[in-house]
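The values are calculated or read from the model by the stated rules, or taken from the named source; none is laboratory data. All figures in this text were calculated on a predicted structure; none of them were measured in a lab. All Cβ positions, even for glycine, are placed from backbone atoms using ideal geometry, and neighbour counts span all protein chains on display.
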Amino acid sequence: MRTILLAHVKRVVIKIGSGVISNASGLDLDRIATICEDVYKLRQRGYEVILVSSAAVAAGKADLGIVGKPQTIPLKQAAAAIGQSRLMRAYKDSLRQYDLKAGQILLTRDDLANRRRYLNARNTLMTLLEYGIVPIINENDSVVIDEIRFGDNDNLSAMTTNLVEAQLLVILSDVDGLYDSDPRKNPEARLVSEVERLTPEIEAMAGREDTDLGTGGMTTKLKAAKRATLLGAGTAIINGRTPHNLLYLFDGHELGTYFLPARDPMAARKHWIAFTKKPKGKLILDHGAQAAVTERGKSLLPAGIHKLEGSFERGDAVRICDLDGQEFAKGVTNYNSAELVRILGKKTKEIEGILGYQYGDEVVHRDNMVINT
């Protein structure tokens, strides 16, 4: 069955967690070597492979005398600055045995939230793939701040899947997949082999977890799976500590948890708006405008905006909310907050008379809007 599900895959993003390739003393070089061997064999089979790898902090924290997880952002940044070069060296040395070369890409959320920089990042990745280079992506932890963090590399891997339009996201974890309850507490817990749709009941199975080596637990992996599957990419969570599990997955073995891609996938630009571009403010709509947007697929006009919150510029993403302030959509605005204050509640024919210019009738065009699922 897995062979059929993966038959269409040509480009794959592989996320490698800190718990897979590091331990209390630093990087696990043998495990990195095994993964690189699998990458080589996948390349031999004709797959394009992009790696999203954690473990820079784990690789560098020992030099700072840190045991466990760094407790402050500056300590984490310093550990990442030390460890990132070691991480890349480990990959380069392992890939070199197979005449493969690696290309490092360090990103922050700002790099993907800005459409021009997003496309630049995409062009770089596509060029690396064209020239047979293995791209290795990580969050730029040495400079990142909370406002521009991805939060975890599970999230980054889902955004990367959208960025390169991959057909599959594989998350290598230190667990076998998603269980219906916590296997550490319940010996009767069962592995969920396949998920057709991520329902609240499925999401509740994740519980909460964290480790000394990484920032993500099963909850973040399910969020990543949801984002990737909405794009139309399947997602597999498998145990990356088991040697050659990556190859076993592509051989069609039933291992881990596989999340089926959405039957009606979201367009790449709308996916970018929904999950990558960070909202800067809120638009509060009246009931009529909410119904027009959600039920009739209309664009958002100024007449339907009750009030706004926050400060934002033209081209920024905004949350679109009901009168109770509950978000039901996101979109890219054609007007900044100062302009909107002057035209909200007004008819479209009044815009030019009030502002002296007009960018269009719509505050948010329906092509630049995503209704929450």
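What residue, of Leu6, Leu95, Leu75, Leu112, is on the phi < 0 side of the Ramachandran plot, in the same structural domain as Val175 (by TED's automatic domain parsing) and modelled with pLDDT of 90 or more? Being on the phi < 0 side of the Ramachandran plot, in the same structural domain as Val175 (by TED's automatic domain parsing) and modelled with pLDDT of 90 or more holds for just one of Leu6, Leu95, Leu75, Leu112, which is Leu95. Scanning region 246-280 for residues that are part of a loop (DSSP other than H, G, I, E, B) and either on the phi > 0 side of the Ramachandran plot or among the hydrophobic types (A, V, I, L, M, F, W, C) (or both) yields Gly252, Leu255, Gly256, Leu260, Ala262, Met266, Ala267. Inspection of region 327-342 finds no residue satisfying the criterion of being buried (at least 20 other Cβ atoms within 10 Å of the Cβ), over 26 Å from the mean Cα position of the chain (by Cα), within 13 Å of Leu283 (Cα to Cα) and among the β-branched types (Val, Ile, Thr).
Just one of the listed residues (Asp93, Asp141, Asp99, Asp152) is under 14 Å from the mean Cα position of the chain (by Cα) and either surrounded by fewer than 24 Cβ atoms within 10 Å (Cβ to Cβ) or not aromatic (Phe, Trp, Tyr) (or both), namely Asp152. Inclusion of Val67 among residues that are surrounded by 21 or more Cβ atoms within 10 Å (Cβ to Cβ) and not polar (S, T, N, Q) is not warranted. Among the listed residues Arg122, Arg117, identify the single one that is surrounded by fewer than 18 Cβ atoms within 10 Å (Cβ to Cβ), free of Cβ contacts under 8 Å to residues at least 24 places away in the same chain and not in a loop (DSSP other than H, G, I, E, B). Sole residue among the options that is surrounded by fewer than 18 Cβ atoms within 10 Å (Cβ to Cβ), free of Cβ contacts under 8 Å to residues at least 24 places away in the same chain and not in a loop (DSSP other than H, G, I, E, B): Arg117.
The set of residues in region 55-100 that are closer than 22 Å to Ile133 by Cβ, of a type in the set (D, E, K, R) and out of contact with any helix residue (DSSP H, G or I) (no Cβ under 7 Å at 6 or more places or on another chain) comprises Arg89, Lys92, Asp93, Arg96, Asp99. With respect to being modelled with pLDDT under 85 and within 20 Å of the chain's Cα centre (by Cα), Gly216 fits the description. Counting only helices (runs of 4 or more DSSP H) that sit wholly inside region 1-77, those with at least 3 residues that are within 24 Å of Ser193 (Cβ to Cβ) are 2-5, 29-44.
For region 133-140, state whether one or more residues are under 26 Å from Lys280 (Cβ atoms), assigned by TED's automatic domain parsing to the domain that holds Ile16 and at pLDDT below 90. Within region 133-140, one or more residues are under 26 Å from Lys280 (Cβ atoms), assigned by TED's automatic domain parsing to the domain that holds Ile16 and at pLDDT below 90.
Looking across region 237-254, just one residue is over 22 Å from Ala33 (Cβ atoms) and of a type in the set (Gly, Ala, Ser), and that is Gly252.
Could you check region 164-206 and list, in sequence order, the residues that are hydroxyl-bearing (Ser, Thr, Tyr) and touching a Gly at 6+ places or on another chain (Cβ under 7 Å)?
Of everything in region 164-206, just one residue is hydroxyl-bearing (Ser, Thr, Tyr) and touching a Gly at 6+ places or on another chain (Cβ under 7 Å), namely Ser173.
Of all the residues in region 311-364, those that are under 18 Å from Ala292 (Cβ atoms), assigned to a loop (DSSP other than H, G, I, E, B) and small (Gly, Ala, Ser) number 2.
Per-residue answers, yes or no, for (1) among the basic types (Lys, Arg); (2) farther than 18 Å from Val49 by Cα; (3) not assigned by TED's automatic domain parsing to the domain that holds Lys41:
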position	(1), (2), (3)
Lys223	yes, yes, no
Leu230	no, yes, no
Gly240	no, no, no
Leu255	no, yes, no
Met266	no, yes, no
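Being β-branched (Val, Ile, Thr), assigned to a loop (DSSP other than H, G, I, E, B) and free of Cβ contacts under 8 Å to residues at least 60 places away in the same chain is a condition met by no residue of region 223-234. Against the test of being closer than 16 Å to Glu362 by Cβ and surrounded by fewer than 15 Cβ atoms within 10 Å (Cβ to Cβ), the options Gly310, Gly297 yield a single qualifying residue, Gly297. The sole residue among Arg122, Arg115 that is basic (Lys, Arg) and within 22 Å of His8 (Cβ to Cβ) is Arg122. Taking first residues from region 30-44 that are farther than 16 Å from Arg89 by Cβ and partners that are in a helix (DSSP H, G or I), the Cβ contacts under 7 Å between residues at least 6 apart in sequence or on separate chains come to Asp38/Leu246; Asp38/Leu247; Lys41/Leu247; Leu42/Phe250.
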